[in-house]
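Quick note: the coordinates plus some simple rules give every number you see, no bench work behind them. Please read these numbers as outputs of a predicted model, since none were measured by experiment. So basically every Cβ, Gly included, is an ideal-geometry build from the backbone, and we count neighbours across all protein chains shown.
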Amino acid sequence: MPSLDIATVRSAFPALSSGFLYADNAGGSQCLADAVTRISDYLLNTNVQLGADYVVSQKSTSRVASGAEAAKELFNADSVGEIAFGSSATMLVANLARAMEKDVQEGDEVIITGEHEANVGPWKRLAARRGAIIKLWLPSQIAASPNNPYAVSLQLEDLLPLITAKTRLIAFTACSNILGSVVPVKEIVHAAREKARKFGAPKFEVAVDCVAYAPHRRIDVKDWDIDYCVFSVYKVYGPHASALYVRASALTSSLSSLAHHFLSVDAKPYKLQPGGPGYEIVYGCTAEQGGEGVQIVGDEHEGLSRVPTVSFVVAGERPIRSKDVVKAFDEKGDIGIRYGHFYAYTLVDTLQPKLDVDDAVVRISFVHYNTVQEVETIIRVLDEVLA
């Protein structure tokens, strides 16, 4: 397998020529020049309504359709009919929960995690509206790191006891945007479905949040055997948009339409796109890609079980607030990292020893365009902060 040419990769991102070191990539990556070019070209040359017979509309329709094709490949979905677009993962999951409203009954159980509120909040609100029951699948201590109380991860043995005959949905992250740990989705889903079948659950579905996963690993909704999946295009070098996969059978049997009443959309993703997505943004998604102690929050060990998103706290005899660690980086200039809970509020709030949820953790995140020298710069500044 050929090695990645970092210089070539970086040349595709004009923002990187500024010299600023972007290390807040888990919050949003830089955008490919090709994506911006396509958005501009669409608005300047094909900005018309879709579906008409005239030539410009035909070209516009084809361009927007190519965005769904690109997302279909990234999900490994069967059809573009299983793909919906929206402005953010938060909005898409909120739409999904609204569309599922009539299919969730009082007493149904929904299992969620504490990470990424985009895939948590909509289900909590749906449960409140329908009288369903929320259960929390929380991370637990990693056996290999007994001396670090913040070394936690989602573990299958904690999930299975939560599943009963009333379990309607499990919604979890494929990769934590705080812990950086990768969840074995296929193994989790297989075991969960077996447990639900054993209990005779009438309808059991799985929603996976891949917002923190997509920049680092390939999504495969078919191999995982899941019903719903979401990721943010702007975290994989594209424009500010997100894409949602809905299994064809779930689209017809579990969801009601959010679209205009006169549209026939039983088997179409328009059910989840009231008003339609931003056409130019969807086309832009087709762009081609290339004494003190630091306690890691999540799995401390390197390997395929985690991605290069590292969250940590400075604890021990000389603790440093996460805000002050980031401030030291800010004073150096031209380095972007952040602190906070990063919408994983419940996860951070349940860690022990207790953290100030507003100060929370320092998070540093790298992607393919970051260089070894940039990583070394981050480490050098961190060493200075801790000195």
Practice task
Please state the charge dipole magnitude for region 55-284, taken about the Cα centre, from unit charges on C-beta atoms (+1 on K and R, -1 on D and E), reported in debye and rounded to the nearest 20.
Solution key: 320
Handout entry: Listed residue (V372, S256, A97) projecting farthest to the positive dipole end of the chain, Cβ model
Key = S256
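Ranked highest first by average number of other Cβ atoms within 10 Å, how do 177-187, 235-245 line up? Spell out each step's value before the answer.
Numbers: 177-187: 22.0, 235-245: 24.2.
Top of the packing list down: 235-245, 177-187.
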Practice task
Rank P269, F75, A287 by how far each Cα sits towards the positive end of the charge dipole of the chain (+1 on Lys, Arg Cβ; -1 on Asp, Glu Cβ) and give me just the farthest.
Solution key: P269
Exercise for the section: Report, in debye and to the nearest 20, how large the dipole of the chain comes out about its Cα centre when Lys and Arg carry +1 and Asp and Glu carry -1 on their Cβ. Expected result: 1100
Practice task
Would you please give the residues with an amide H less than 5 Å from that of T167, counting only those at least 5 places away or on a separate chain, with H modeled from the backbone geometry?
Solution key: E109
Practice task
Compute log10 of I(q)/I(0) for region 90-170 with the Debye formula, placing one identical point scatterer on every Cα and leaving out solvent, at q = 0.17, 0.21, 0.27 Å⁻¹, to two decimals.
Solution key: -0.70, -0.93, -1.26
Practice task
Using packing as a proxy for protection, rank 309-316, 372-379, 69-76 so that the peptide with the highest average count of other Cβ atoms within 10 Å comes first.
Solution key: 309-316, 69-76, 372-379
Completion exercise
When the charge dipole of the chain is computed with +1 on Lys and Arg Cβ and -1 on Asp and Glu Cβ about the Cα centre, the Cα farthest towards its positive end, among P146, A128, V211, belongs to A128
Exercise for the section: Report the convex hull volume per residue for region 106-225, counting only C-alpha atoms, in Å³. Expected result: 105
Problem - Hull-based mean projected area of the chain, where the convex hull spans the alpha carbons, in square nanometres - result: 20.6
Practice task
Report the net charge of residues surrounding L162, where surrounding means a beta-carbon distance below 13 angstrom and charges are Lys +1, Arg +1, Asp -1, Glu -1.
Solution key: +1
Practice task
Write down the Å³ per residue value for the convex hull defined by the alpha carbon atoms of region 55-284.
Solution key: 119
